[in-house]
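Peer 1: Input: one structure, supplied below.
The values are calculated or read from the model by the stated rules, or taken from the named source; none is laboratory data. Owing to the predicted nature of the structure, the values given are computational and were not obtained by experimental measurement. FYI the Cβ positions are ideal-geometry reconstructions off the backbone, even for glycines, and counts take in every protein chain you see.
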Amino acid sequence: MEFMKKITEISKKVGDAATDTYNTVADKSGKFIEDTKTKMAISDKEDEIEEIYIGIGKTVYDYYLNGEDVGKVFSKESKKIDKLKAEIEEMNSKILYNKGFRKCSNCGEIISKNSLFCENCGQKQKPIKLKEEKSKKEEQELEKVCPQCGTVSDAKSKFCSKCGYKYDKK
């Protein structure tokens with residue numbers, strides 16, 4: 001009986017280690033995918049800015065040809081560019097955060113996300129606040145890994161289909 005108890009303990013430890021490894025890999029791959037999507041969104045916004053720049057140039061020249069004042073015409077387009085650049089900066093901050101870094105609020109130096117003071121200029125850092133994407137729902141667990149036998153089950157499962165292990169409610 002003692003032998004079976006030790007086997008069960010070892011199996012549980014192996015299952016726990018496998019679950020931890022699985023969760024770590026899933027977390028890292030999820031962040032990699034998120035960073036890739038964010039970089040693609042940044043590229044799209046930079047392309048949008050380039051289109052606005054081209055449009056501004058053509059509009060300035062057309063106004064110039066018509067003998068009109070070109071000074072006040074572009075505030076609307078410039079505001080669009082400012083908004084896109086702010087969105088890009090927020091996305092870059094999110095990428096840095098996923099890698100464990102952030103920019104100093106004073107000098108812009110890249111520092112650890114846990115730094116209370118900048119290593120470059122000594123400025124006290126404010127807590128990090130990243131905006132959540134409006135369309136992104138909270139990520140939910142898609143599957144569970146049984147710590148006892150390693151079977152992958154649906155996230156809604158209450159028990160393991162292979163060994164009957166009861167999953168804890170989280």
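Peer 1: On the given criteria, is residue 128 under 23 Å from the mean Cα position of the chain (by Cα) and modelled with pLDDT of 90 or more?
Peer 2: Criteria not met by residue 128.
Peer 1: Taking residue 166, is it at pLDDT 85 or above, within 30 Å of residue 7 (Cα to Cα), touching a Lys or Arg at 6+ places or on another chain (Cβ under 9 Å) and of a type in the set (D, E, K, R)?
Peer 2: In short, yes.
Peer 1: I would also like to ask the following. If you scan region 102-128, which residues turn out to be on the phi > 0 side of the Ramachandran plot and assigned by TED's automatic domain parsing to the domain that holds residue 92?
Peer 2: The one that is on the phi > 0 side of the Ramachandran plot and assigned by TED's automatic domain parsing to the domain that holds residue 92: 108.
Peer 1: Right, next: Hey, can you tell me all the residues within region 78-108 that are acidic (Asp, Glu) and either surrounded by 14 or more Cβ atoms within 10 Å (Cβ to Cβ) or within 17 Å of residue 35 (Cα to Cα) (or both)?
Peer 2: Listed by number, the residues that qualify are 87, 89, 90.
Peer 1: On the basis of being not in a helix (DSSP H, G or I) and not acidic (Asp, Glu), does residue 67 make the cut?
Peer 2: It is true that residue 67 is not in a helix (DSSP H, G or I) and not acidic (Asp, Glu).
Peer 1: Hey, any hits in region 39-50 for a residue that's at pLDDT 80 or above, basic (Lys, Arg) and surrounded by fewer than 12 Cβ atoms within 10 Å (Cβ to Cβ)?
Peer 2: No: zero hits.
Peer 1: Would you be able to say whether some residue in region 34-45 is in a helix (DSSP H, G or I), closer than 30 Å to residue 146 by Cα, outside the structural domain of residue 145 (by TED's automatic domain parsing) and under 35 Å from the mean Cα position of the chain (by Cα)?
Peer 2: Yes, region 34-45 has at least one match.
Peer 1: Continuing with this model, one more query. Confirm whether residue 4 is within 28 Å of residue 88 (Cα to Cα) and free of Cβ contacts under 8 Å to residues at least 40 places away in the same chain.
Peer 2: no
Peer 1: Do you know which residues across region 1-21 are of a type outside the set (Lys, Arg) and exposed (fewer than 11 other Cβ atoms within 10 Å of the Cβ)?
Peer 2: 1, 2, 3, 4, 7, 9, 10
Peer 1: Let me ask you something else. Assess whether residue 24 counts as being surrounded by 11 or more Cβ atoms within 10 Å (Cβ to Cβ) and on the phi < 0 side of the Ramachandran plot.
Peer 2: No; evaluated as a whole, the condition is false for this residue.
Peer 1: Answer yes if at least one residue in region 19-26 is under 30 Å from residue 147 (Cβ atoms) and touching a Pro at 6+ places or on another chain (Cβ under 9 Å), and no otherwise.
Peer 2: Yes.
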